[in-house]
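The values are calculated or read from the model by the stated rules, or taken from the named source; none is laboratory data. Not measured: the values here are computed from a predicted model. As a convention, Cβ positions derive from the backbone with ideal geometry for all residues, glycine included, and neighbour counts pool all protein chains shown. Keep in mind that these areas ignore ligands, DNA and RNA; they rest on the heavy atoms of the full protein, side chains included. Shrake-Rupley method; radii C 1.70, N 1.55, O 1.52, S 1.80 Å.
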Amino acid sequence: MSTTPLSIVEPHTTNEPSFVRTAVLIPAWEPDCTLIPLVASLLTLGFGAIIIVNDGSSFASGEIFAGLKTLDRVHMLHHAINLGKGRALKNGINYFLCELPEFDVLVTADADGQHIPADIARVAQAALEHPTKVVLGSRGFVKAVPLRSRIGNGLTRYIFAFVTGVRLKDTQTGLRAFPRTLLPELIVLEGERYEYEMNVLAHICRTGSKPLEVPIETIYFDGNKSSCFNPIRDSMSIYFVLARAFRLSLSLRASGL
């Protein structure tokens, strides 16, 4: 199957990008102390709202969430138990749509330190410059990358391109920006954990709205030990999503759609 070429977008630089109508959604499970300075930096950059979803973290993380709650423009959501990243994203999106009607863009970012404020701002700025597009913060994987991450990302990129016909540099990035108008159709997609993000990406490509990619840093700490990604369970869920997308594409071709 032929694949479309990469769509890498370098956002134009401006002296004072305005993020007052842009929110950042961060799902968090057992975060460490780096989450507070990350959020503080995003507020300094002028983001209008930060939505934090505590996905059933233990009592040990209570002090971190208490500290975040004291910051201006921070909106806290809590799960009584761990429901998974997909559910945290869906609940955060629902909150954005219901409680922040004046906002235009929602950026999702991870809580494990892999996304720095400057890269989050770059993705947000690209979204403002391309208001109808989904924007991905794409890692280059040119530095020392843990073996499981290098193999996993490479294999997933290949399968994703084969299934969807769209070649992306990073299919597993959690740093993404969405226009408000697209979010209602994303919130109803299946997936409660990491497979939800792949489902979202496959849905976007299947509907012909190819994402734009903005290069970001590739950051891993201590062999990516802080990641909550389960290499076996979550990888199987992701590949199941891709297999289902492939079957759907074959069905649509057979019916002439």
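Round to the nearest 0.05 the FRET efficiency obtained for Thr132 and Arg21 when R0 = 22 Å and r is the Cβ-Cβ distance.
My answer for the efficiency is 0.90.
Taking 4 °C and 1.567 mPa s as conditions, the stretch 21-67 diffuses translationally at an estimated 116 µm²/s according to Stokes-Einstein applied to its Kirkwood radius (Cα pairs). Working from label points 7 Å from Cα in the Cα-to-Cβ sense, the Asn94 to Thr44 distance is 3.5 nm. For Gly92, neighbours were defined as the other residues whose beta-carbon sits under 12 Å from its Cβ, and their charges (Lys and Arg +1, Asp and Glu -1) total +1.
Take the solvent-accessible surface of the protein heavy atoms, probe 1.4 Å, and return the percent of it on the stretch 44-198 that carbon and sulfur atoms account for. Heavy-atom surface of the stretch 44-198 belonging to carbon and sulfur, 1.4 Å probe: 59 percent. With K and R counted +1 and D and E -1, the other residues having a Cβ less than 12 Å from that of Ser57 yield a net charge of -4.
Extension gain for Asp32-Leu155 works out to 41.3 nm (0.36 nm per residue, less the C-alpha to C-alpha distance).
What would the Debye formula give as log10 I(q)/I(0) at q = 0.12, 0.15, 0.17, 0.19 Å⁻¹ for the alpha-carbon point model of the stretch 52-125, no solvent? Cα-only, vacuum Debye calculation for the stretch 52-125: -0.37, -0.59, -0.77, -0.96. When each of the peptides 92-101, 39-48 is scored by the mean number of other C-beta atoms lying within 10 Å of its residues, the order from highest to lowest reads 39-48, 92-101.
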